[in-house]
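The values are calculated or read from the model by the stated rules, or taken from the named source; none is laboratory data. Here the structure is a predicted model, which is why all the values come from computation and not from measurement. Note: ideal-geometry Cβ built from the backbone for every residue, glycine included; neighbour counts use all protein chains shown.
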Amino acid sequence: MKKTIYIIRHGETDLNKLGIVQGRGMDTSLNERGLEQAEAFYQAYKQIPFDKIYTSSLKRTHQTVQKYIDSGIPWVQYPGLDELGWGIHEGQESTEELTSHFHNLVTQWRAGELHHKFERGESPLEVKERQLIVLEHLIEENSDQNILICMHGRAMRLFLCLLTNRPLAEMDEFPHSNTTLYKLGYDGKEFQILEFNNTHHLNKLS
């Protein structure tokens, strides 16, 4: 069955604003700006007849699409949509040393060395394994034609690679900001990107 998938990143949190590392291990709430972004997205897309909402298990995604949830649209939480775990660096402020560690790790990923990760963290390959479970539900035969997914930046990049059959090493080809939208069409066999990094709903925010 054909489906249309709307994938957005969650709204801003204080840790986003402060540049503090925020992965799977940080269950933070939206800040005032994040709530404004969520409201802007809702106002722009509330006319879409969504059949199902998927979010991660972290509350910043729930809060971003709360108005859709409150309207009675069926909602499922999938841990497979959680952000990549940054391990021992979760909650740390950005420093020159930490920035260097991140740069080195991302460089390894871009070179296809996708098993690398921070201590007690996750690799892109591990995230892919849990996302495959979500993908199975996404493409199963049912009456869901319009699906709204709210997730996280790095995890979203990996999920978009998975959906579009791109190598995970190309994840950085998918830019993102808070509540950015990627809209995809599914024809029963493959996904096609219909809207790329769309933030038009944020144009009226100061």
Filter the stretch 1-33 for residues that are assigned to a helix (DSSP H, G or I), out of contact with any Asp or Glu (no Cβ under 8 Å at 6 or more places or on another chain) and touching a residue at least 24 places away in the same chain (Cβ under 8 Å); the one that is nearest to Lys183 (Cα to Cα) is Asn16
Under the condition of being in a loop (DSSP other than H, G, I, E, B) and among the basic types (Lys, Arg), which residue from the stretch 110-124 is surrounded by the fewest Cβ atoms within 10 Å (Cβ to Cβ)?
Arg120
Criterion (at pLDDT 95 or above, surrounded by 15 or more Cβ atoms within 10 Å (Cβ to Cβ) and touching a Ser or Thr at 6+ places or on another chain (Cβ under 9 Å)) met by exactly one of Ile73, Ile48, Ile69:
Ile69
Please determine, by comparing only the residues of the stretch 95-109 that are surrounded by 13 or more Cβ atoms within 10 Å (Cβ to Cβ) and either touching a residue at least 40 places away in the same chain (Cβ under 8 Å) or among the β-branched types (Val, Ile, Thr) (or both), which one is farthest from Asn16 (Cα to Cα).
Trp109
For residues that are under 20 Å from the mean Cα position of the chain (by Cα) and of a type in the set (Asp, Glu), scanning just the stretch 57-103, find the one that is farthest from Phe159 (Cα to Cα).
Glu90
Among (1) of a type in the set (Val, Ile, Thr); (2) in a helix (DSSP H, G or I); (3) touching a Gly at 6+ places or on another chain (Cβ under 9 Å); (4) farther than 20 Å from Ser56 by Cβ - the single one Thr99 does not satisfy
(3)
